[in-house]
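Since the structure comes first, as structure tokens, the remarks are kept for the end.
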Amino acid sequence: MLEVADSPVTTDHGGNEPARVTGNAMNAVNNWVPHDIVMRDTWFPIAHAVDIGKRPVRRSIYSHPYFLWREDGKIVASEFHPNEARTREKSPYSDARGRYPVMEHYGVVWGWFGNPEAADPAHLPSLPFLPPNGGLPGYMTSTIRFDCSAPISLENLIDLTHADFLHADVVGDEKSDSETVETFYDSETVTMVRTCINKSVAPIMKFFSGIRQPTQNVRQVIRIYLRSHCAIAYGRFTPGDDVPLFHPCTPETRDRTRMEMVMNTSNAGFMFRHIMPKAGYKVSRQDSSMTSPQSPRYMLPTTRKDLHSKFDQAGQRYRLQMMDLVTRQAAGDFAYRDNVSADCSDIIGLRKELFRF
Amino acid sequence: MTSRSESPWWTIALSEEVTDKKPLAVDLDDQPIVLWRDKQGIARALEDRCPHRRAPLSLGCIRDNGWIQCGYHGWSYEGDTGRLKQIPNMKDEQRFPPIYKAQAFAVAESNGFVHVNLDPKATAPAPADRTMPLAGTAHVALEQSHWLDALYDDPGLVIDIKGVEFTPYLMSELREENGLFVMERSCLWGKLHWPSYAKAEFPITLLTRTRPDTGETELVLRDDAFNVLLTVRLAPVPAARGVTQIRWRGEPGLNLKGFHARRFRRGSAFTVREAIDATALRVLKPSVSLHGKKLRSELAAARTVAVAA
């Protein structure tokens with residue numbers, strides 16, 4: 001009744017993929033050791049562009065050092081600090097000079113992790129609610145850290161029922177007249193759409209956006225770019241505002257996560273526009289109170305299966321798709337079978353009129 | 001740890017530590033356990049791990065109906081069997097398959113302590129209600145077996161009895177008596193006196209009775225007229241990362257004679273040292289503890305023979 005790992009789900013492109021064998025599917029969901037996941041050949045968001053100047057700053061991806069600075073205004077990502085006496089071999093992920101492919105887009109610095117020759121801007125995730133050249137005000141951005149593995153943090157994000165409980169004081173409780181959850185996926189992404197009719201109004205909207213009605217209709221979308229561990233969290237609240245959030249979970253190490261968050265609240269009222277991005281500080285601590293003790297419990301394989309409810313369908317699909325990519329990469333297949341940079345506005349239901357750049 | 005088939009009852013908490021207000025997280029070796037009281041006031045114990053997404057249940061809350069609710073997604077479990085009772089977004093669904101449950105442990109309560117057995121079917125020990133008024137909890141960064149060895153070899157390193165100086169001299173060496181390890185140590189009142197090696201008589205002794213399986217120990221301090229001056233029950237439990245959790249209860253005797261003994265009525269007569277002098281511990285010569293190891297191996301051998309027979 002509650003095991004829904006094999007419930008039919010559709011793909012973004014409506015493809016007819018072969019049905020999974022039940023046994024394998026359940027194994028993939030339950031043999032979930034996120035600590036072991038290392039994704040290659042992908043762009044990871046590693047800094048807000050405005051934070052990078054002439055002086056090198058240090059970041060890391062899976063413990064590999066990334067030193068970032070600007071040369072003639074252009075971002076450079078190096079495996080070595082300019083003042084560092086080289087006592088170690090360079091990794092295969094940087095070029096002959098020890099430099100990684102790097103690019104600046106959406107106001108974020110993206111570092112390539114993997115074969116440098118495979119680096120291609122075409123593999124950059126589509127974030128249609130962010131201005132391509134950046135420029136959003138600083139109060140819409142922040143850096144938040146989690147002491148858990150990045151896939152755990154992403155699973156937390158796509159699991160919306162925890163929000164009604166753990167973040168009820170920010171986003172409201174679970175009460176609504178009706179609720180539907182749909183999951184779409186392809187080989188590189190998982191997208192969940194949750195639609196609630198007459199849901200309790202989010203307290204933060206009640207206080208800072210002036211919503212007086214007792215309930216609101218909510219359409220929440222979570223879209224995860226599996227390889228780069230990036231997510232879009234887009235909420236449309238009626239009455240209320242559109243709140244699109246760029247929620248990357250960059251694996252600084254296999255069990256520490258860095259989030260260079262960007263929330264575009266440009267279309268909201270003055271109070272809400274300024275306050276809502278700050279909610280991340282509170283919400284992230286609430287999440288961390290659970291994901292931090294949770295993370296070590298997923299560090300080693302176990303024969304004990306997690307229990308699931310029908311609301312975990314998207315999370316299960318996320319585990320399956322992530323493990324598919326892991327399996328492919330383990331076999332040496334790093335090719336992109338789906339285009340992550342194709343505009344996803346329609347998939348996430350973005351009200352394009354609000355986000356013209 | 002002992003296998004579940006012969007799993008002992010561990011004294012894991014003081015009764016007053018387990019409430020219906022807030023779950024209590026304890027552990028037994030690497031097994032995390034959450035304790036709370038249900039609506040009837042009965043102490044309950046589940047594995048401190050929500051089977052949904054492995055979050056500690058102790059970070060959740062106790063509901064008015066006595067169920068424990070995970071703080072992550074709000075899944076609620078009842079304490080007796082650990083069965084899942086409610087998922088917030090599925091309140092219409094009241095019945096879940098039997099597999100939907102958290103690991104439950106057997107719980108018993110007696111003498112102001114809460115005992116847990118990892119075997120949920122274990123038979124509870126006979127209840128007793130002699131709750132001693134003094135109580136405390138201490139965490140010591142020393143493995144339980146080493147802590148017990150130190151208690152045998154030099155109690156002053158791990159416990160403190162107000163005004164009492166433990167000597168190296170024993171009235172009786174460690175022996176097995178009715179299934180308990182028993183010994184008696186000579187003690188002095190901590191005042192100006194000849195050194196213990198030159199004392200002809202000792203005014204007080206400390207009788208120690210230890211359960212070989214759990215290390216639970218009763219200490220009885222007596223004077224030379226056999227008046228009981230202080231009784232303490234100590235429950236050292238192996239916890240995570242080699243830490244020992246020690247819960248204790250004690251009471252002064254009814255017939256306290258002399259200046260030092262009468263001081264037991266005021267303030268704290270007994271404490272477990274949370275900070276141990278590691279330099280002294282390192283050079284502490286094993287003496288009584290060697291007998292303890294020998295007795296344990298003899299007991300184990302006797303048990304093997306009995307099982308084989």
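A few comments on the model shown:
- Hey, A:Lys305 assigned to a helix (DSSP H, G or I), among the charged types (D, E, K, R) and either over 27 Å from A:Arg337 (Cβ atoms) or within 13 Å of the chain's Cα centre (by Cα) (or both) or not: no
- Filtering the range A:25-66 to residues that are acidic (Asp, Glu) and either closer than 24 Å to A:Thr291 by Cβ or part of a helix (DSSP H, G or I) (or both) leaves A:Asp36, A:Asp51.
- Some residue of the range A:309-320 being more than 30 Å from B:Gly71 (Cα to Cα), touching a helix residue (DSSP H, G or I) at 6+ places or on another chain (Cβ under 7 Å) and modelled with pLDDT of 95 or more: no
- Among the strands (runs of 3 or more DSSP E) confined to the range B:122-198, the ones with at least 3 residues that are out of contact with any helix residue (DSSP H, G or I) (no Cβ under 6 Å at 6 or more places or on another chain), within 30 Å of B:Val107 (Cα to Cα) and of a type in the set (Gly, Ala, Ser) are located at B:134-140.
- The residue that is nearest to A:Ser153 (Cα to Cα), among those in the range A:289-318 that are at the interface with chain B (Cβ under 8 Å from one of its Cβ atoms) and in contact with a His (Cβ under 7 Å, 6 or more places away or on another chain), is A:Tyr298.
- Considering the range B:24-53, and only residues there that are among the charged types (D, E, K, R), crowded, with 23+ Cβ neighbours inside 10 Å and within 14 Å of another protein chain (Cβ to nearest Cβ), the residue that is nearest to the chain's Cα centre (by Cα) turns out to be B:Asp48.
- So A:Thr327, is it more than 29 Å from A:Arg58 (Cβ to Cβ), among the hydroxyl-bearing types (Ser, Thr, Tyr), within 14 Å of chain B (Cβ to nearest Cβ) and without any contact (Cβ under 8 Å) to a residue 12 or more places away in the chain: no
- Looking across the range A:102-161 at every residue that is among the acidic types (Asp, Glu) and within 26 Å of A:Thr180 (Cβ to Cβ), the one that is surrounded by the most Cβ atoms within 10 Å (Cβ to Cβ) is identified as A:Glu155.
- Tally, over the range B:70-109, of residues that are in contact with a helix residue (DSSP H, G or I) (Cβ under 7 Å, 6 or more places away or on another chain), of a type in the set (D, E, K, R) and within 9 Å of chain A (Cβ to nearest Cβ): 0
- Residue count for the range B:251-309, restricted to those that are farther than 21 Å from B:Glu216 by Cα, assigned to a loop (DSSP other than H, G, I, E, B) and among the basic types (Lys, Arg): 3.
- When the range B:37-50 is filtered for residues that are out of contact with any Ser or Thr (no Cβ under 7 Å at 6 or more places or on another chain) and either assigned to a strand (DSSP E or B) or within 18 Å of A:Pro293 (Cβ to Cβ) (or both), the ones remaining, listed by number, are B:Ala43, B:Arg44, B:Ala45, B:Leu46, B:Glu47, B:Arg49, B:Cys50.
- Yes/no for A:Thr161 being of a type in the set (Ser, Thr, Tyr), touching a His at 6+ places or on another chain (Cβ under 8 Å) and at pLDDT 95 or above: no
- Evaluated against (1) modelled with pLDDT under 90; (2) away from every other protein chain (no Cβ under 14 Å), B:Asp119 falls short on exactly one condition, (1).
- In the range A:61-93, residue farthest from A:Gly135 (Cα to Cα) [restricted to those that are surrounded by 20 or more Cβ atoms within 10 Å (Cβ to Cβ) and not charged (D, E, K, R)]: A:Tyr93
- Residue check, A:Pro125 more than 14 Å from chain B (Cβ to nearest Cβ), closer than 21 Å to A:Tyr225 by Cβ and part of a loop (DSSP other than H, G, I, E, B): yes
The values are calculated or read from the model by the stated rules, or taken from the named source; none is laboratory data. Just so we're clear, the structure is a prediction, and the values are computed from it rather than from any experiment. Neighbour counts are summed over all protein chains in view; Cβ atoms, including those assigned to glycine, are modelled from backbone coordinates with ideal geometry.
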